[in-house]
1. Return one whole number: the accessible area per residue of the chain in Å², for a 1.4 Å probe.
2. Quickly estimate the mean residue ellipticity at 222 nm for the chain, helices only: each DSSP H run with n ≥ 4 gives -39500 (n - 2.57), and the total goes over all residues, rounded to 500.
3. By the gyration tensor of its Cα atoms, with a ≥ b ≥ c the square roots of the eigenvalues, what is the shape of the stretch 569-676: rounded for a/c under 1.5, prolate for a/b over b/c, or oblate?
4. Distance in nm between label sites at Val545 and Ala474, each 7 Å beyond Cα in the beta-carbon direction?
5. Rank these residues by their accessible area, most exposed first, probe 1.4 Å: Met668, Met748.
6. Could you put Arg397, Arg762, Arg157 in order of accessible surface area, largest first, with the 1.4 Å probe and the full protein assembly present?
7. For the stretch 1-69, what class follows from the C-alpha gyration tensor (a ≥ b ≥ c being the square roots of its eigenvalues): rounded when a/c is under 1.5, otherwise prolate if a/b is larger than b/c, else oblate?
8. Local charge sum around Tyr523 (other residues, Cβ-Cβ under 10 Å, Lys/Arg +1, Asp/Glu -1)?
Amino acid sequence: MVFMMAFTHNLGFPRMGSRRELKFALEAYWKDRSSRDELKALGAVLRHRHWEAQKTLDWVPVGDFSFYDQVLDMSFTLGNLPQRAQAFHGDVLDNYFRVARGRSAQSAETSCCGGVAAGEMTKWFDTNYHYIVPEFTAATGFTLDASRLLEQLAEARALGVKAKPVIIGPLTYLALGKAKDGSDKLALLQRLVPVYGQLLEALADAGAEWVQIDEPILVTELDADWRHAFNLAYHDLKASRAKILLATYFGPLQDNLHLVAELPVAGVHLDAVNAREEVLPLLGLLTGLKVLSLGVINGRNIWKTDLNAVLDWLEPIAERLGNRLWIAPSCSLLHVPVDLDSEQGLDGEIRSWLSFARQKLEELALLANALNHGCQAVGAELDSNRAAVEGRRNSRRIHNPAVKTALAGITAQHGRRQSPYAVRAVRQAARLNLPRFPTTTIGSFPQTAEIRQARNRFKAGEVDGKAYKKAMQAEIARSVREQESLGLDVLVHGEAERNDMVEYFGEQLDGYVFSQHGWVQSYGSRCVKPPILYGDISRPRAMTVDWIEYAQSLTERPMKGMLTGPVTLLNWSFVRDDQPRAASCLQLAMAIRQEVLDLEKAGVRIIQIDEAALREGLPLRKSQWKSYLDWAVEAFRIAANGVADETQIHTHMCYSEFNDIIEAIAAMDADVITIETSRSGMELLEAFDHFRYPNGIGPGVYDIHSPNIPTIQHMIDLMKKAALRIPAERLWVNPDCGLKTRQWSEVMPALTNLVAAAETLRKTQ
């Protein structure tokens, strides 16, 4: 007789669609090229399609679909809108987009109320996904609007889906938000938990047996007050008729293990990919009939799971737990592409090593089959999996002895500039002759339809390399002309030839391979296609020199050479898991160092090495930060610091919280750093109240993730705030990020205002 020993479920599924259908529908709606009803209908189609893809699961997530961001969804569910957005009438979805991006469709703005300041955006834990930060004050109240969840639950049940609603937990929601008046966020818990109780009851009334409540802050360090708050909140919620599956992911629980085990919930999900060592201790602590859900498939990376190895340690647990064992991916599959079957052009050998979202669910089904019916029931599939795993492990394509030899020759001198910043600054000023408050942009200019069309025709073989180069040079020339007409002081070539700031470089480095349709949501409608770092990294040839030399030939003004730094190349790729991340980062650093030196040799006077993802790679526990920052900062220094004093090194970091790592940023020793400060109202510069940042800094004054055009006065006001903390002679004026996603019709007036703001500052500061 066969007994059911394991149930399967999923924590979340990618939203955009296998061909980014949601992205294009959103952008069409925002541009008034489609209706609100058409957008909502497309959302329903995608939800149904994604539920169909998960139909073999015992429990299917519902509520993981979002038109922009799941944290913003939770803010609207809880009735927690910023004060500036509360007076709007009209459709809820349009108000939702106002908070997300500053405005909705143009027709919605003209018929209703116009735009507002967009909500602050930052990274979701240590991923490249961005969420809209909840805003609190001491007076914040919460009121339930469960309509989104109830409508999706009804849709799923009508289709026969065994639905498990998914929501962000109350403590994680508070922890991710910001108190705009400096009040204690935790004091809001007593107002928040009753609304969660109402939500659980509404879901139970609608037929939900289980509700997944995500509390990923449980894998971070919590003080006694927050730990006590968990006990208070979940004891208040234990009366709910819906069973609670408390989901943690992205790391081990460590000192929160006992807390989680003792909370009055019906089940607990543990990320068994990152916390394998905690499975048995947690199992020993769980009491009564609690379910233990184990995340046994990596939801963050794209390598095939070694199913035979997983079964070796999972089978005894399954025998012990019986039907109290659930198995799942480690976290939501939001962070991986949808379907490997779309990748018919991918190298066959490497393709055999990979697993995307749909394939991960197939792996999950195989594990459940083996546990519930015996390994012989899926013997052929397990043999195939073993062959793929061993084939990757033994492939000659992974290891390059020359790369390892080069790394062995690295010394401390590789990471040091010739002179300290004070000396370099004088020499650079003499060479560049820039005015006070110099203006520049971060690197990219709009990727127009003409650019994308030319790139697609080149990839399709419809035009040759010569014609493509000519087309890109024409776009570079346009960018240079426009910047000169604006009066910017330091120019960029606009990056017309670059599809993506990581993919472009990965395509030219040995050790990378690329998918065709492996898109992953970064924020809103923005998707990225992370390259796959499968082997040792080397640079066969120069990657950017020809383009930058051409751009510099068009102007007398200094032209920045634009590179992506080693830490960002690492963190924004799907990285090999057979060696430490630090080793892969060092390989990337040496490759970028070669490019930096070639740019300098070509006469480029300013070189920007973007490290947008530096903070993203931080371990979730502060006690582990130093180890990561030591090797990450050293990798940047190795990449950047081989140049002469007269060569100015810039770096850029976008939407993240930098105040708590400002000393590490200073240790990078870049001559100029540009950072996002526009959405946060210069909040990021509060770090300089207590830390004397030694080098130049450009606090971004133009929020490029919103279509709103900043006024001259707005930018002046932000720069004045910066000047209270940073000496004016070390301040630059720039947008907060690249302009790739904006239109020329937005960019030109915004940059006109930026230049005017700088001119005013030169006269008044």
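The values are calculated or read from the model by the stated rules, or taken from the named source; none is laboratory data. Remember, it's a predicted structure, so these values are computed and weren't measured experimentally. Quick reminder, even Gly has a Cβ in these numbers, built from the backbone with ideal geometry, and neighbours come from all protein chains shown. What goes into the accessible areas is simple: the full protein's heavy atoms, side chains included, and nothing from ligands, DNA or RNA. Shrake-Rupley method; radii C 1.70, N 1.55, O 1.52, S 1.80 Å.
1. Working: 28240 Å² over 765 residues.
Accessible area per residue: 37 Å².
2. My calculation for the chain gives -12500 deg cm²/dmol from helical runs alone.
3. Numbers: a/c = 2.08, a/b = 1.38, b/c = 1.51.
Cα axes put the stretch 569-676 in the oblate bin.
4. A separation of 2.8 nm, rounded to one decimal place.
5. Values: Met668 0, Met748 45 Å².
Ranked from most to least accessible, the order is Met748, Met668.
6. Per-residue accessible area, sorted high to low, gives Arg157, Arg397, Arg762.
7. Working: a/c = 3.73, a/b = 3.40, b/c = 1.10.
Prolate is the answer for the stretch 1-69, as a/c is 1.5 or above and a/b outweighs b/c.
8. Numbers: positive: Arg101, Lys123, Arg526; negative: Asp69.
Result for the neighbourhood of Tyr523: +2.
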